[in-house]
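Below: one structure, written as structure tokens.
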Amino acid sequence: MENFKRLTKNDISLIAPYFEKESSFSCDCSIGGCFIWEDFFQTKYAIIDETLVFRIFLDKKTRYTYPIGKNVEGALSFIEEDAKESNVKPEFFVFSQDDLLSLKEKYPSHEILDKREYYDYVYDYSSMCDFRGKKFSGQRNHINKFKRLYENYSFEEINETNRGELAEFFRDFNARSEKKNAAIESEAVKIFDVLENMEEYRQFGGMLRVDGNIVGFSIAEKIGQTMFIHVEKADISYDGVYQMLVSCFASHFADENVIYINREDDVGDEGLRKSKLSYHPIFLVEKYIFSVK
């Protein structure tokens, strides 16, 4: 039986074509979404007959993703065998309603656990550029205040000449952060790696400055009609900095082919959930744990 392999950035060229064909709204089907969190979730992968499967360690349990590729049935049999050898029951981390329906049909005896903390927030791309309309008055007020307080602001792309300075900003940002846990620490390590190897990770990014000093940055990728914002960090001592960063980033990297922006999940943080809902997502990508009885 073929074994699962640990996911590394050397595997990007193997994994990326599956994401491009899938065109999923979920950040779990993106390079940044997988690789920034591959250490934390101990992500492994297998390709069986041109079909991709991930095995992750989520909530202290082994879980599998729904297969992507031409031989889903064969990959599901592979998962069943791997679960048996590992002495665990087949459990799937599911982020597609179609995949959830397929699993229900294949495994009539099952349990489903809603994972609200992992829901992705998906927004209308054009709305994030200008925050037009009454419902975005709060965002516009924050941006206007930012512009009034910090007239000497600028936005620029991350490149070879400024990424070292950005790494220093993020190192200081991380040191000053009051939120400390294993997920945040693991994410920070991967962000430094992505900053050093953005081309290899197929990411792009931009930073916001005030008086020449970096006050925030974002890192993203585009797949199909969706832009995935994987990293969004800013110094909240600057009023309106996140609203300004979101707007500048979306406007600067505007693409007529991109319709949606995925700003990922809220990890169950009530403050972050309130913030992401305030930007009025057009839908959430629901996620579940599907357990075969």
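The values are calculated or read from the model by the stated rules, or taken from the named source; none is laboratory data. What you see is a predicted model; the values in this text were computed from it and never measured. Counting neighbours? That spans all protein chains shown, and the Cβs are built from the backbone with ideal geometry, glycine included. Just the protein is used for accessible areas: all its heavy atoms, side chains included, with ligands, DNA and RNA removed. Shrake-Rupley method; radii C 1.70, N 1.55, O 1.52, S 1.80 Å.
Counting Lys and Arg as +1 and Asp and Glu as -1, each charge on the Cβ, what is the dipole of the chain about the Cα centre in debye, to the nearest 20?
Taking the Cα centre of the chain as origin, the dipole is about 900 debye.
If you take every residue apart from S96 with its C-beta less than 10 Å away from the C-beta of S96, what net charge results, scoring Lys and Arg +1 and Asp and Glu -1?
Counting the neighbours of S96, the net charge comes to -4.
Placing unit charges on C-beta atoms (Lys and Arg positive, Asp and Glu negative, everything else neutral), compute the dipole magnitude of segment 161-293 about its Cα centre in debye, rounded to 20.
For this selection, approximately 380 debye.
Report the Cα centroid-to-centroid distance between segment 254-284 and segment 143-192 in angstrom, as an integer.
With segment 254-284 and segment 143-192 each reduced to a Cα centre, they are spaced 19 Å.
I'm spelling it out carefully: the read-out is Cα Rg over 2.2 N^0.38 Å, the candidates are (1) 0.98; (2) 1.38; (3) 1.04, and one was derived from this structure. Which label?
(3)
Alpha carbon centre of segment 68-112 versus segment 195-236: separation in Å?
The two parts, judged by their Cα centres, are 34 Å apart.
Using 7 Å Cα-to-Cβ label points, what is the N10/V189 separation (nm, one decimal)?
Computed distance between label sites N10 and V189 equals 1.8 nm.
Could you report segment 44-195's accessible area per residue, 1.4 Å probe, as an integer in Å²?
54
What residue among F228, F253, L149 has its Cα farthest toward the positive end of the dipole of the chain, where the charges are +1 on Lys, Arg and -1 on Asp, Glu, each on the Cβ?
The one lying farthest along the dipole's positive direction is L149.
Reachable lysines from K233, Cα under 22 Å, same-chain residues fewer than 8 places away excluded?
K233 reaches K145, K147, K179, K180, K190, K222, K274, K276.
In nm, what is the difference between 0.36 nm times the number of residues separating L284 and N3 and their Cα-Cα distance?
Contour length minus Cα-Cα distance gives 97.8 nm.
Rounded to the nearest 10 Å², what accessible area does S275 show when all protein chains are kept and the probe is 1.4 Å?
Surface open to solvent at S275 totals about 50 Å².
Which value, in debye to the nearest 20, describes the size of the charge dipole of segment 1-133 about its Cα centre when Lys and Arg Cβ atoms bear +1, Asp and Glu Cβ atoms bear -1, and nothing else is charged?
Its charge dipole is roughly 300 debye.
Quick one, can you get me the convex hull of the C-alpha atoms of segment 1-135 expressed as volume per residue in Å³?
Per-residue hull volume (Cα only) is 143 Å³.
Over all pairs of distinct alpha carbons, what does the Kirkwood formula give as the hydrodynamic radius of segment 184-293, in Å?
15.6
Quick one: pull the percent of accessible area on the chain belonging to carbon and sulfur, 1.4 Å probe, ligands and nucleic acids left out.
Answer for the chain: carbon and sulfur cover 47 percent of the accessible area.
Using the Cβ atoms and a cut-off under 13 Å, what net charge is assigned to the surroundings of F57, where Lys and Arg are +1 and Asp and Glu are -1?
Overall, the nearby charge balance is +2.
Along the Cα-to-Cβ line of S275, 7 Å from the Cα, sits a label point; which residues in segment 182-216 have backbone N less than 16 Å from it?
184-185, 188, 208, 215-216
Keeping all protein chains in the complex and leaving out DNA, RNA and ligands, what accessible area do you get for D82 with a 1.4 Å probe, in Å² to the nearest 10?
Taking all protein chains as shown, D82 has close to 10 Å².
Just the accessible area for K147, please: 1.4 Å probe, Å², rounded to the nearest 10?
90
For a quick protection proxy, order the peptides 131-142, 48-59, 105-116 by their average other-Cβ count within 10 Å, most packed first.
Highest-to-lowest ranking by the protection proxy: 48-59, 131-142, 105-116.
Taking a ≥ b ≥ c as the square roots of the eigenvalues of the Cα gyration tensor of segment 1-73, is the shape rounded (a/c under 1.5), prolate (a/b larger than b/c) or oblate?
Taking the square roots of the gyration eigenvalues as a ≥ b ≥ c, segment 1-73 is rounded.
Per the helix-only calculation at 222 nm, which mean residue ellipticity applies to the chain, given -39500 (n - 2.57) for every DSSP H run of n ≥ 4 and division by its residues, nearest 500 deg cm²/dmol?
Computed ellipticity for the chain at 222 nm equals -11500 deg cm²/dmol.
Translational diffusion coefficient, Stokes-Einstein: compute it for segment 184-246 using the Kirkwood radius over C-alpha pairs as Rh, at 10 °C and 1.306 mPa s, and state it as an integer in µm² s⁻¹.
D, rounded to a whole number, is 125 µm²/s.
Measuring from a point 7 Å past the Cα of K89 along Cα-to-C-beta, which residues in segment 274-293 have an amide N at less than 14 Å?
Counting only backbone N, you get 289-293.
Tell me which lysines have Cα within less than 20 Å of K61's Cα, excluding those fewer than 8 residues away on the same chain?
Within reach: K5, K44, K84, K89, K115, K287, K293.
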